[in-house]
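Peer 1: The structure follows.
The values are calculated or read from the model by the stated rules, or taken from the named source; none is laboratory data. Quick caveat, the model's predicted, so the values are computed rather than measured. Cβ atoms come from the backbone with ideal geometry, glycine included; neighbour counts cover every protein chain shown.
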Amino acid sequence: MLYDQQVSATAPGRAEPASSPASAPARPTEPPPGGAQPPEGEPSPTGAVSPTEQDLEILLYVPLLSAYFQRARSEMPPALQGIFSEHRLTARHGAVLTQLLTGHQLSVTELAGRLGVTLSTASELVGNLSDAGLVDRQEDPANRRRTLVSLREEHRPVVLSFIAIRAAPLLRAITSLSPRDRAGFVAGLAAWSREAQP
């Protein structure tokens with residue numbers, strides 16, 4: 001998991017064998033002690049790209065968010081926490097519930113697009129939530145090939161309460177930004193979420 005990993009700017013170096021006369025057998029050379037550090041932004045022998053100073057400035061904040069992500073389950077209302085534990089639901093299932101808070105029915109295809117996942121993954125997540133009794137699925141009267149999904153009304157208050165608690169720090173941060181910075185921040189979050197998909 002990205003939040004638990006340490007970022008290192010040093011990668012093992014790779015020494016080139018020294019040239020030798022044709023009559024002398026070539027001897028393998030030893031890598032320099034401790035390895036060599038490739039230039040910033042250049043691939044290392046392992047294929048990884050060494051972070052630049054600007055990259056490291058950004059990565060500095062990632063571990064600081066660790067506590068926020070780790071306390072998600074503890075901030076969940078007991079009733080919702082029980083359902084998540086019993087049915088082994090994850091943060092991805094919570095993301096589906098967030099999209100359904102508007103009160104409008106969404107198709108599985110729409111959910112897949114919003115979450116940036118495949119249609120089969122979205123269908124599996126919805127199926128898990130349906131089995132847990134959190135969402136309803138019904139056939140679209142206008143198109144029987146479409147399945148419409150909605151949050152069950154009896155669970156709406158507890159889900160809304162949980163999302164409000166979890167969203168508060170992010171919304172406070174966004175409020176402090178200018179419209180231009182806010183747009184850039186949202187674009188960055190969207191790009192990160194896409195890259196973080198398994």
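Peer 1: Looking for something touching a residue at least 60 places away in the same chain (Cβ under 8 Å) and more than 21 Å from TRP192 (Cα to Cα) - is there at least one such residue anywhere in segment 108-129? Before the answer, list the steps.
Peer 2: Our first condition is that a residue be touching a residue at least 60 places away in the same chain (Cβ under 8 Å); within segment 108-129, this holds for 116-117.
Checking the rest, the ones that are also more than 21 Å from TRP192 (Cα to Cα) come to none.
Looking for residues that are touching a residue at least 60 places away in the same chain (Cβ under 8 Å) and more than 21 Å from TRP192 (Cα to Cα), one finds none in segment 108-129, hence no.
Peer 1: Which of the residues spanning segment 139-151 are touching a residue at least 12 places away in the same chain (Cβ under 8 Å) and either touching a Lys or Arg at 6+ places or on another chain (Cβ under 9 Å) or under 26 Å from GLY82 (Cβ atoms) (or both)?
Peer 2: Scanning segment 139-151 gives ASP140, THR147, LEU148, VAL149, SER150, LEU151.
Peer 1: Kindly list the number of the only condition in (1) modelled with pLDDT under 95; (2) over 25 Å from ARG194 (Cα atoms) that fails for HIS87.
Peer 2: Unmet for HIS87, out of (1) modelled with pLDDT under 95; (2) over 25 Å from ARG194 (Cα atoms): (1).
Peer 1: What single numbered condition from (1) over 30 Å from LEU59 (Cα atoms); (2) in a helix (DSSP H, G or I); (3) of a type in the set (Ser, Thr, Tyr) fails to hold for THR147?
Peer 2: All conditions are met except number (2).
Peer 1: A follow-up question, please. Are any residues in segment 71-129 β-branched (Val, Ile, Thr) and within 18 Å of GLU154 (Cα to Cα), and if so, which ones? Working first, answer last.
Peer 2: Keep residues of segment 71-129 that are β-branched (Val, Ile, Thr), which gives 83, 90, 96, 98, 102, 108-109, 117-118, 121, 126.
Within segment 71-129, ILE83, VAL96, THR98, THR102, VAL126 meet the criteria.
Peer 1: Working only within segment 166-198, note down all residues that are over 18 Å from LEU134 (Cβ atoms), in contact (Cβ under 8 Å) with a residue 40 or more places away in the chain and not in a loop (DSSP other than H, G, I, E, B).
Peer 2: Matches in segment 166-198: PRO169, SER193, ARG194, ALA196.
Peer 1: Moving on to the next point. Residue check, PRO157 against (1) of a type outside the set (A, V, I, L, M); (2) under 21 Å from GLN197 (Cα atoms); (3) out of contact with any strand residue (DSSP E or B) (no Cβ under 7 Å at 6 or more places or on another chain), all met but one. Which one?
Peer 2: The number of the failed condition is (2).
Peer 1: Here is a follow-up. Can ARG156 be described as surrounded by 13 or more Cβ atoms within 10 Å (Cβ to Cβ), in a helix (DSSP H, G or I) and within 17 Å of the chain's Cα centre (by Cα)?
Peer 2: no
Peer 1: Filter segment 66-84 for residues that are modelled with pLDDT of 85 or more and aliphatic (A, V, I, L, M); which is farthest from ALA190 (Cα to Cα)?
Peer 2: ALA79
Peer 1: Got at least one residue in segment 174-194 being touching a helix residue (DSSP H, G or I) at 6+ places or on another chain (Cβ under 6 Å) and under 14 Å from ALA95 (Cα atoms)?
Peer 2: no
Peer 1: Quick check on segment 95-129: of everything there that is within 24 Å of ILE165 (Cα to Cα) and of a type in the set (Ser, Thr, Tyr), which residue is modelled with the highest pLDDT?
Peer 2: Of everything passing the filter in segment 95-129, THR98 is modelled with the highest pLDDT.
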